[in-house]
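We did not get these values from a lab; they are worked out from the coordinates using the rules stated. A quick note: this is a predicted structure, and the numbers were derived from the prediction, not measured. A quick note on method: Cβ atoms are made from the backbone with ideal geometry, for glycine too, and the neighbour counts reach across all protein chains shown.
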């Protein structure tokens, strides 16, 4: 298989993922059918099943969906921003995305499923773009003297990601009844301020 064929399949898979999650948000997961996903993503039935065994397997693509957003946010960030502000920017904008694109009840189900999963959690996979991006920002921040150095890069990244998950978990437990991005903007700053120089 040549590179172009592989790139086309990646694009097709990403389109299916994006369309599926749009439908999960609009109609609800239970009300969305495979036919709905195939029609919205404008793919052949065989192409859908080439990438996914069924609707349930799309639930495992949450990290793909979130990482696609982090790639876009990485492009949007001004290089002139200090590292601390970059972390706050990522948090705010990613939480805006979550509340506009992912149903809080479905997200709560997915978070709870992560707790009982026997194999490794895809949301906690250190190879995700999210972790690479946050690690890069924290490392740059320490090198530029913007973030403290008495904690390792990994410790700060772990704390940051735990705070983000806590904020999303609370939002889910409250059925998405408040503005996640605005609350995160205030709370994450308060939680992370000890790492700022």
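Return the FRET efficiency for the residue pair residue 45, residue 194: r is the Cβ-Cβ distance, R0 is 45 Å, and the value is rounded to the nearest 0.05.
Given R0 = 45 Å and the Cβ-Cβ separation, E is 0.25.
Between 0 and 90 degrees, rounded to the nearest ten: what's the tilt of helix 104-116 against the longest Cα principal axis of the chain?
80 degrees
How many nm separate the modelled label positions at residue 123 and residue 71, each set 7 Å beyond the Cα in the direction of the Cβ?
Label-label distance for residue 123 and residue 71, simple model: 2.2 nm.
Compute the length gained on full extension between residue 161 and residue 135: take 0.36 nm times their separation in residues and subtract their Cα-Cα distance, giving the result in nm to one decimal.
Length difference between fully extended and current span is 8.3 nm.
If one takes the longest principal axis of the Cα atoms in the chain, at what angle in degrees, from 0 to 90 and to the nearest 10, does the Cα axis of helix 129-143 lie?
That helix lies at roughly 10 degrees to the long axis.
Given labels modelled 7 Å from the Cα in the Cβ direction, how far is it in nm from residue 105 to residue 30?
Spacing of the two 7 Å Cα→Cβ label points: 0.7 nm.
Counting pairs of alpha carbon atoms under 8 Å apart in space and at least six apart in sequence, what relative contact order in percent does the chain give?
24 percent
Cut-off 10 angstrom, C-alpha nodes, Gaussian network model of the chain. Which of 88, 62, 124 fluctuates the most?
Top of the fluctuation ranking is 124.
Take residue 80 and residue 187, extend 7 Å from each Cα along the Cα→Cβ direction, and tell me the distance between the two endpoints in nm.
Rounded to a tenth, the inter-label distance reads 3.2 nm.
Given the Cα-Cα distance of residue 59 and residue 143 and 0.36 nm per residue of separation, how much length would full extension add, in nm?
Length difference between fully extended and current span is 26.4 nm.
Measure nothing but the geometry: give the 0 to 90° angle between the long axis through the Cα atoms of 83-101 and the longest principal axis through the Cα atoms of the chain, rounded to 10°.
30 degrees
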